[in-house]
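**Q** Following this message is one structure expressed as structure tokens.
A short reminder: the numbers here are calculations on the coordinates, not readings from a lab. The structure displayed is predicted, hence computed values, not measured ones. Note: ideal-geometry Cβ built from the backbone for every residue, glycine included; neighbour counts use all protein chains shown.
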Protein chains: 2
Amino acid sequence: MATLADVARAAGVSKATASRALTRPEMVTEATRAKVRAAAASLGFQPNRSARALTTGRTGLIGLIVPTLANPFFSPLVLGAQRAAEEADAHLLISVSEADADREAALAARLGEQADGVVMVAPVGTDAALREHARQRPLILVDRRVGRLPAVVLDAEEGATRLADHLLELGHRDLAYISGPPGSWSDTHRRAALAERTAAAGARLHVRGPLPPTFDAGIAAASRLPAEATAVLGYNSYLTLGLLHGLRAAGRRVPDDLSVAAGDDLTAFAATDPPVTALALPVEEAGATAVRRLLDLCAGTGTRTTTRLAPRLEVRASTGPPGDR
Amino acid sequence: MATLADVARAAGVSKATASRALTRPEMVTEATRAKVRAAAASLGFQPNRSARALTTGRTGLIGLIVPTLANPFFSPLVLGAQRAAEEADAHLLISVSEADADREAALAARLGEQADGVVMVAPVGTDAALREHARQRPLILVDRRVGRLPAVVLDAEEGATRLADHLLELGHRDLAYISGPPGSWSDTHRRAALAERTAAAGARLHVRGPLPPTFDAGIAAASRLPAEATAVLGYNSYLTLGLLHGLRAAGRRVPDDLSVAAGDDLTAFAATDPPVTALALPVEEAGATAVRRLLDLCAGTGTRTTTRLAPRLEVRASTGPPGDR
DNA sequence: GACGCCCGGGGAACCGGTTTCAGAGAGCGG
DNA sequence: CCGCTCTCTGAAACCGGTTCCCCGGGCGTC
């Protein structure tokens, strides 16, 4: 409730000086600074962020657009972003696009109007649309790359490569990949890396899909796997859970009949039967990195680079050597 | 970029009239309203929210404090809150308390300073602390009640009662309850309702815990169940997943040897082996209701009541009649 | 000793809306 | 035809910070 004018009066200085003492300490003398700070502290002064935003044009708010929160993949991401924002005394405005390009664009515009910048996680809009957003305001992409726009990505190629190597080393020669939603950037790149690695090893990759990344889609996929595959990779955790469920219903044993692995990790994977081998993505770190880089961009010190974060392979019981069928 | 002054000039009216035409349409004539709206539209006018907030004292921001986002319980809650906020052209400031009372209090203060009101989900602070927050600014509690503070609760008693009835009807006479974190409001009430219902039916309730609501705690609990229990209820989904895992490791069959059920639901429960009977909580609705009621409070039309939302019992394969041991 | 420079601080403008207050004009009754 | 009231509009104050511009004083230098 105390205003800057109150602080100035209490400290016996002008509003201008009080403002400088608090936000530009190097511009006033040691003595003045101490007086003003003491007055501010004793009055419990909290600067009004709206007033500050009005003159500086900086709101201290960061927009975060995620496709969904129902997928536990995004929880740690939000947490990481949250922590990074807090460090910088900023707040997070979170919105859910529901993986709809129109909604995503509308949210980006709406948030951009109030926030200093926007982080878009796994956006579904076209390259052109994203470039346009980036022209309007500082923007960081997560899990998507568009030209030289600033981005933070979970290295899909690197992860897919590790997963492929794991299965190839176990002796698999026919891998199936259940692909994710059409147009998903990480899906496309993961699939390409898998194809390259299997081809290089003289093995074969059978692709099924694209499918929505849901439990039900996984169940359906279980009954349409290529007959020759001895290992199957699900695009993401939900799809893989459904797959596992469908396989069990069909009486197929994992990993004896078929190895199963997922393209991202989930706490529940340690609890399924059997526990599922998966790529643990450094999602929390991605969220934090994105926010830090966005704040840099807002401060004018940011760069137009892509930060790559490598996933960790969690080997669990769902993958093993191919059975003798 | 266009300001209200630009709109006023283009429409040939004063700033005051332009402002009224857009925010208080009933105060100007039809003709003026049309002129101003046309001018605003053609200039792409977007009112500056900081400026508006400065005079009105309303930021259009709502604070949402959740203990964690890693627990999928909260994802639909945020989604519901998000949708309700969007309807009212408000934005959500989300923060994670990590179930720490000090952090929670700090966040409430920090958010309250910038937001019009705060929604606290399953807060861990003391009643006194929460009352104090409610005195500072509009506050809605979710999944917690403190005196007559406005709240939205998932009806723990009602849910626990349905769960107890389900097991009692199956013929169970000795139920075990693995209790959640000490001091959890929903845990306390769920336990009380279970106790009452079992007692009324002439059956017995054996309580174990309290335990942290984690997968690992569930595993540990599996080896310390009361010998006479034929059915066990886990406080929440993670605890129950761990329980299931621990029971399987110990070679106990579900539901033949022991029925298992959980106090909240999780998509993954449909995929476990066997699928777990659980209470499906109307979490999304709770989030939406909380935000709507908070906005009412901010508008001065809110009430100090408690909204109760009843859970739905999802009967799955993990519960059945008691075996003959 | 005078001049110029640099530094710290004060007054006032400003950001972009909302709201108060007063005045102009129209409509109506006496 | 006058005067009153009611409605709509405009000028200006205001919200609470930040920043521009200018002034005064201390110090260094010639």
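**Q** In terms of modelled amide H atoms, which long-range or inter-chain residues lie less than 5 Å from the amide H of B:ARG173?
**A** Those lying under 5 Å, H to H, from B:ARG173 are B:THR230.
**Q** Taking the Cα of A:ARG204, stepping 7 Å toward and past its beta carbon, and measuring to each backbone N in segment A:133-177: which are under 15 Å?
**A** A:172-177
**Q** Could you give, in nm with one decimal, how far A:ARG252 is from each other copy of that position, shortest first, with labels 7 Å out from Cα toward Cβ?
**A** Taking the point 7 Å beyond Cα along Cα→Cβ, the inter-copy spacings are 3.3 nm.
**Q** Under a GNM of chain A (C-alpha, springs under 10 Å), which listed residue has the highest mean-square fluctuation: A:GLU86, A:GLU285, A:GLU157?
**A** Top of the fluctuation ranking is A:GLU86.
**Q** Among A:GLY12, A:GLY180, A:GLY263, determine the one that fluctuates most according to a GNM of chain A built with springs between C-alpha atoms less than 10 Å apart.
**A** Of the options given, A:GLY12 has the highest mean-square fluctuation.
**Q** Give me the Kirkwood hydrodynamic radius of segment A:4-47, using the inverse of the mean 1/r over all pairs of distinct Cα atoms, in Å to one decimal. Mind showing how you got there, number by number?
**A** Working: mean 1/r = 0.1030 Å⁻¹.
Evaluated on segment A:4-47, it is 9.7 Å.
**Q** I'd like the Karplus ³J(HN,Hα) series for segment B:99-109: coefficients 6.51, -1.76, 1.60, θ = phi - 60°, whole numbers in Hz, and an x wherever there's a Gly or Pro.
**A** 6, 10, 4, 5, 4, 4, 5, 4, 5, 4, 5
**Q** GNM, chain B, Cα, under 10 Å: largest mean-square fluctuation among B:GLN82, B:GLN114, B:GLN46?
**A** B:GLN46
**Q** Restricting the count to DSSP beta bridges whose residues both fall in the protein assembly as shown, what percent are antiparallel, rounded to a multiple of 5? Intermediate results must be reported in sequence, preceding the final value.
**A** Details: 7 of 77 bridges.
Given both bridge residues lie in the protein assembly as shown, the antiparallel proportion sits at roughly 10 percent.
**Q** What is the helix-to-structure angle for A:283-299, meaning the angle in degrees between its Cα long axis and the longest Cα principal axis of chain A, kept from 0 to 90 and rounded to the nearest 10?
**A** Tilt of helix A:283-299: around 40 degrees.
**Q** Could I ask something else about it? Using alpha carbons only, how many degrees (0 to 90, rounded to 10) separate the axis of helix B:127-136 from the longest principal axis of chain B?
**A** So the inclination is approximately 10 degrees.
**Q** Sticking with this structure for a sec: Over all residues in B:45-56, what is the mean tally of Cβ atoms on other chains that come within 10 Å of each residue's Cβ? It would help to have the intermediate numbers written out before the result.
**A** On the way: counts 0, 4, 1, 6, 7, 14, 4, 2, 8, 8, 2, 1.
Per residue, the number of nearby Cβ atoms from other chains is 5 on average.
**Q** Say a label goes 7 Å from Cα toward Cβ at B:GLY12 in every copy; what distances in nm does this one have to the rest, shortest first?
**A** Computed spacing set for this position: 5.9 nm.
**Q** Amide H to amide H under 5 Å from B:ASN236: which residues, 5+ apart in sequence or cross-chain, H placed 1.01 Å off N in plane?
**A** Close amide H contacts, sequence-distant or interchain: B:GLY263.
**Q** Then there's this: Work out how much length B:ALA5 to B:ARG148 would gain on full extension: take 0.36 nm times their residue separation and subtract the Cα-Cα distance, in nm to one decimal. All intermediate terms of the calculation are to be shown ahead of the outcome.
**A** Details: separation 143, 0.36 × 143 = 51.48 nm, distance 4.62 nm.
46.9 nm is the gain from fully extending B:ALA5 to B:ARG148.
**Q** Given 0.36 nm per residue, what is the gain on full extension from A:ALA38 to A:ALA109 after removing their alpha carbon distance, in nm?
**A** On the way: separation 71, 0.36 × 71 = 25.56 nm, distance 4.17 nm.
Taking 0.36 nm per residue and subtracting the Cα distance, the gain is 21.4 nm.
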